[in-house]
Amino acid sequence: MKKIIVTGGLGYIGSHTVVELVNNGFEPIIVDNLSNSYADVYSWLGEILGHKPQFYQIDCADKSAFNDVFKANNNIKGVIHFAAFKSVCESVAQPVLYYQNNLNSLLVLLELMNEYSIGNLVFSSSCTVYGIPEGKIQVDENTMLQKPNCPYGQTKIMSEQIISDVADSCEIKATLLRYFNPIGAHESTGIGELPIGKPDNLVPFITQTAIGLRDKLSIFGNDYETPDGTCIRDFIHVTDLANAHVKALGYLGKQEERVSRFNLGTGKGHSVTELVKTFEIVTGEKLNYEFVPRRDGDVPAIYANADKSNRVLNWTCRYSLEDSLSSAWKWQKHLKKINFKIKL
Ligand code: UD1
């Protein structure tokens with residue numbers, strides 16, 4: 001079995017990827033400091049998988065602790081590096097925290113990969129690297145990168161640059177996966193998105209409002225230059241996104257270039273209002289929402305050209321927007337049913 005270290009493996013995308021890795025014959029080794037995830041996710045993964053993968057509760061920036069993971073495991077084939085802070089607003093308020101956490105953990109990881117001669121890295125990047133796209137709002141991997149307008153986005157651009165420099169200088173090959181907007185939950189309803197505190201992201205805010213944990217959804221801005229005035233995003237089911245990581249590992253084995261870059265989106269853009277309406281239709285729930293002024297740092301409109309991922313990784317999305325929203329709603333109802341205490 002191929003051992004893969006998955007940093008941030010108890011987070012939202014990380015946990016769904018752990019499931020897909022096991023389903024595809026890999027042995028994930030989870031490294032997570034639980035700074036933005038619940039320990040319960042580990043038990044839930046055990047229920048879905050029928051066994052518990054190895055889990056180390058450590059911080060990737062702690063080199064000595066992280067070193068022990070590499071020392072204890074022979075034959076590690078690669079690393080998927082999810083562990084990072086991801087709140088745009090928080091990064092504006094606490095830039096040092098973001099640069100320190102996101103860059104230090106990556107640097108330690110790269111040092112250890114080099115020391116233990118582990119040559120395959122899949123990195124969680126983001127469409128934030130495209131900033132506010134000039135010209136077309138459907139971006140491909142050759143679209144010029146723009147300065148992101150928050151420290152979180154900067155850490156993604158800087159991480160991509162660091163990885164490229166390191167890959168040029170040693171035996172590491174890397175795949176940079178640029179995520180659009182992951183939503184939805186695993187079809188077992190055993191795991192899903194579970195933010196700690198008030199959600200920054202749209203869909204958990206919607207489902208928490210619909211279930212009565214929040215009064216109303218604020219839609220940030222309805223005066224953008226888009227057909228209905230609200231922002232446009234590319235919402236992708238988290239399981240589709242997770243599957244792309246399995247494909248990326250397969251591709252790394254034969255990848256000729258030192259670093260490859262892939263957009264992971266559906267290739268379709270939907271406005272925030274469209275998403276809300278679709279949620280109401282698929283769930284039959286009436287959502288309480290209001291339009292409020294724009295949120296600082298929001299990109300008006302962006303969606304993926306995912307042709308390269310479809311072609312080179314042989315990867316496509318299986319789930320529709322309706323599937324994604326219906327699974328997100330099932331997940332929120334499941335949390336209520338098991339009386340899970342969400343940290344609000
Ligand atoms: C942003 C980044 C993404 C990054 C993610 C990390 C861009 C284009 N995207 O996602 O790369 O990985 O942060 O968290 O920079 N919205 C509301 N009300 C809410 C919440 C959100 O109206 O309560 C709107 C936002 O204004 C936005 C859309 O919903 O237009 C999506 O927001 P969100 O889910 O936070 O994701 P992004 O900001 O697109």
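What is the extension gain from Lys277 to Leu107, computed as 0.36 nm multiplied by their sequence separation minus the C-alpha to C-alpha distance, in nm to one decimal? It would help to have the intermediate numbers written out before the result.
Working: separation 170, 0.36 × 170 = 61.20 nm, distance 4.29 nm.
Answer, rounded to one decimal: 56.9 nm.
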Starting from the amide H of Gln138, placed 1.01 Å from N in the peptide plane, find each other amide H under 5 Å away whose residue is 5 or more places distant or on another chain.
Tyr303
Arranged from highest to lowest average of other beta-carbon atoms within 10 Å per residue, in what order do the peptides 245-255, 75-85, 46-56 appear?
75-85, 245-255, 46-56
Whole number please: convex hull volume per residue of the Cα set in the chain, in Å³?
125 Å³
Give the separation of the Cα centroids, segment 106-155 to segment 34-86, in Å.
21 Å
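Give a quick list of chymotrypsin sites (Phe, Trp or Tyr not before Pro) in segment 267-344 that DSSP marks as loop, anything other than H, G, I, E or B, with at most 14 other Cβ atoms within 10 Å. Could you put the intermediate results ahead of the total?
Numbers: sites: Phe279, Tyr289, Phe291, Tyr303, Trp315, Tyr319, Trp329, Trp331, Phe340; in loops: Trp315, Tyr319, Phe340.
Filter output for segment 267-344: Phe340.
Exceeding 21 Å between C-alpha atoms, which entries from my cross-link table qualify? They are Lys63/Lys343; Lys3/Lys86; Lys286/Lys333. Don't jump to the answer; show the numbers that get you there.
Working: Lys63/Lys343 30 Å; Lys3/Lys86 26 Å; Lys286/Lys333 15 Å.
From the list (Lys63/Lys343; Lys3/Lys86; Lys286/Lys333), the Cα-Cα distance tops 21 Å for Lys63/Lys343; Lys3/Lys86.
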What spacing in nm lies between the two simple spin-label points modelled at Leu344 and Ser35, each 7 Å away from Cα in the Cβ direction?
2.7 nm
Length released on extending from Glu285 to Lys308, taking residue separation times 0.36 nm less the Cα-Cα span
4.6 nm
State, to one decimal in nm, how far the label point of Asp200 lies from the label point of Arg258, with both points 7 Å from Cα in the Cβ direction.
3.1 nm
Would you mind computing, in nm to one decimal, how far apart the modelled labels at His51 and Cys89 are, each placed 7 Å from Cα along Cα→Cβ?
4.3 nm
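Peptides 229-242, 94-107, 7-20: what's the order by average Cβ count within 10 Å, highest mean first? It would help to have the intermediate numbers written out before the result.
Values: 229-242: 23.9, 94-107: 17.6, 7-20: 26.6.
Most protected by this proxy first, the peptides run 7-20, 229-242, 94-107.
Classify segment 1-94 as rounded, prolate or oblate from the Cα gyration tensor: take a ≥ b ≥ c as the square roots of its eigenvalues, call it rounded if a/c is under 1.5, otherwise prolate when a/b beats b/c and oblate if not. If you can, show how the numbers build up before the last one.
On the way: a/c = 1.92, a/b = 1.32, b/c = 1.46.
Taking the square roots of the gyration eigenvalues as a ≥ b ≥ c, segment 1-94 is oblate.
Shape verdict for segment 42-97, please, from the Cα gyration tensor: rounded (a/c under 1.5), prolate (a/b greater than b/c) or oblate. Mind showing how you got there, number by number?
Values: a/c = 2.70, a/b = 1.46, b/c = 1.85.
Since a/c reaches 1.5 but b/c is at least a/b, the shape of segment 42-97 is classed as oblate.
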Who wins for biggest fluctuation among Val312, Val122, Val22 in a Gaussian network model of the chain, springs between alpha carbons below 10 Å?
Val312
Give me the extension gain from Glu115 to Leu213: residue separation times 0.36 nm, minus the current Cα-Cα distance, reported in nm with one decimal.
30.5 nm
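Taken together, the values in this text are just the output of simple stated rules run on the coordinates, not laboratory data. Since this is a predicted model, take the numbers as computed values, not measurements. All Cβ positions, even for glycine, are placed from backbone atoms using ideal geometry, and neighbour counts span all protein chains on display.
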